[in-house]
Amino acid sequence: MASINIKKLHHVTICIPVGFEAEARDFYTGLLGLQEIDKPKSIPGIWYKVGESELHLGIEPEMYPTKRFPAFEVDSLDTVRKLLNEKGIGVKEETSIPGYKRISFLDPWKNKLELMQRV
């Protein structure tokens with residue numbers, strides 16, 4: 001039986017509402033420090049480079065909370081937790097998985113973002 005050979009995660013798409021691109025840039029570029037990259041003009045939203053993968057912020061006229069989320073590996077959860085707390089962003093302690101500690105938080109549009117640190 002043939003199988004599909006997936007080489008890597010290319011991108012994750014989450015959504016922001018129409019008209020919030022400036023606020024999204026403040027959050028994702030300003031606070032999280034992600035590098036914005038070019039995208040096709042025919043596709044609305046904002047794209048970011050994250051290591052070898054990409055994060056795409058799509059534009060949705062209506063927002064629905066989901067369990068879809070990207071998980072980013074970081075060097076120090078304690079440092080990130082402190083920064084998020086200083087910005088008034090609530091952090092949830094996630095159940096650890098073998099080899100990782102995890103936290104999550106919501107962006108201003110209720111997209112869940114998970115951060116992981118190898119232990």
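At-a-glance table
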item	result
Considering residues of region 94-109 that are assigned to a loop (DSSP other than H, G, I, E, B) and touching a strand residue (DSSP E or B) at 6+ places or on another chain (Cβ under 7 Å) only, the residue surrounded by the fewest Cβ atoms within 10 Å (Cβ to Cβ)	99
Selection from region 19-55 of residues that are small (Gly, Ala, Ser), more than 19 Å from residue 115 (Cα to Cα) and in a helix (DSSP H, G or I)	22
Hey, residue 114 in contact with a Cys (Cβ under 7 Å, 6 or more places away or on another chain) and within 14 Å of residue 14 (Cα to Cα) or not	no
Criterion violated by residue 5 - all others in (1) under 15 Å from the mean Cα position of the chain (by Cα); (2) more than 21 Å from residue 108 (Cα to Cα); (3) open to solvent by 100 Å² or more (accessible area, probe 1.4 Å) satisfied	(1)
Residue 85 being within 22 Å of residue 101 (Cα to Cα) and of a type in the set (S, T, N, Q)	yes
The listed residue being of a type outside the set (D, E, K, R), surrounded by 11 or more Cβ atoms within 10 Å (Cβ to Cβ), touching a helix residue (DSSP H, G or I) at 6+ places or on another chain (Cβ under 6 Å) and at pLDDT 90 or above, out of 12, 80, 91	91
Extreme residue, least open to solvent (accessible area, probe 1.4 Å), among residues of region 110-119 that are of a type in the set (D, E, K, R) and at negative phi	114
Checklist (1) within 13 Å of the chain's Cα centre (by Cα); (2) assigned to a loop (DSSP other than H, G, I, E, B) applied to residue 64, failing item	(1)
Subset of region 23-77 that is in contact (Cβ under 8 Å) with a residue 40 or more places away in the chain and of a type in the set (Phe, Trp, Tyr) - its residue that is surrounded by the most Cβ atoms within 10 Å (Cβ to Cβ)	28
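The values are calculated or read from the model by the stated rules, or taken from the named source; none is laboratory data. Because the structure is predicted, anything quoted here is derived from the model rather than measured. We place every Cβ from the backbone using ideal geometry, glycine too, and count neighbours over all the protein chains shown. SASA here: full protein model, heavy atoms, side chains in, ligands and nucleic acids out. Shrake-Rupley method; radii C 1.70, N 1.55, O 1.52, S 1.80 Å.
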